[in-house]
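Heads up: the structure comes next, in C-alpha cells.
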Amino acid sequence: MSFGDPNNPYGQPQGQGQQPGYGYPQQAPQGVPPQQGYGYPAAPPVSPYGGGGYPGMAMEMPGGVKAARVMLWITAAFNLIGAIALIGLSFAVDSELEKSGASSADAEMFADMGQGILIGAGVVSLIFAVVGMLLAAKFRSGGNGVRIGTIVYSSIGVLFSLFSLPLGIVSLALGVLVIVFVAKSDGSAWFNRNKQQYL
C-alpha cells in the first residue's frame, strides 16, 4: 500500500495535511510582506567602492580619484617650479640690463616693469601651486567642497595651459584628466560619502 499514490483512497494527497510552521517556510498571504528565511540575516549591501555596507566600515578611495590626486600633486609641482623659474628669471633680466650699461630712464623703467611682471607671474604661480597642494592633501578627508574646488582649480589650469601651448600641453592634459576623474560618479560618491568612512 502506497501513501504517495494519488489513486489510493487511504493515503493523503501530497502537500495536504501539513501543519504550518513545520518544514519549509509557508508563502505569505497576498498583501503581507514575506518573512526572512531560516538561518542568518541577510548580508548588508556591498559598496562598489570597497568596504561593505556596515556602518562605520572604511571606504576605499576609487582608482580614478587616486589618479586625480596624483595628477594634482604633479600640476602643483609644475606650478612651483614655474614660480621659482619666473622669480629667478626676473632677477637675471635685471642683472643683465645692469651689465649692459643701459642707464637711460626709459631702459630702467622697462627693466623695472619687466621684472615686476615676472615677479607677479611667479607669485601667482606660487599661490596656484599652494592651492593645488592643499586640495590634493584634502582628498582623503574632504567633502564635496574639495571636489568642486578641484574642478574649478583644474579648469583655470586648463585655461592658462591653452594660452601657453605647445609648452602647456602636459598641464592641459593633466587638468582635463583631473576634471574627468573627479566629476565621474565614483568621484562624486567618494566626496559625498559619510565623513566617518575614510581611510
Out of all the residues in segment 47-56, is one or more open to solvent by 50 Å² or more (accessible area, probe 1.4 Å), at pLDDT below 65 and within 30 Å of residue 176 (Cα to Cα)? yes
Would you mind telling me which numbered condition in (1) in a helix (DSSP H, G or I); (2) modelled with pLDDT under 95; (3) under 22 Å from residue 69 (Cα atoms) residue 150 fails? (2)
What are the residues in segment 99-125 that are over 23 Å from residue 168 (Cβ atoms) and surrounded by 13 or more Cβ atoms within 10 Å (Cβ to Cβ), if any? 102, 107, 108, 110, 111, 115
Output the residues belonging to segment 126-145 that are within 18 Å of residue 67 (Cβ to Cβ) and open to solvent by 20 Å² or more (accessible area, probe 1.4 Å). 133, 135, 137, 138, 140
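The values are calculated or read from the model by the stated rules, or taken from the named source; none is laboratory data. Computed from a prediction, not measured in an experiment: that's the story for all the values here. Glycine also receives a Cβ, built like all others from the backbone with ideal geometry; neighbour counts cover every protein chain displayed. Only protein heavy atoms, including side chains, enter the accessible area calculation; ligands, DNA and RNA are left aside. Shrake-Rupley method; radii C 1.70, N 1.55, O 1.52, S 1.80 Å.
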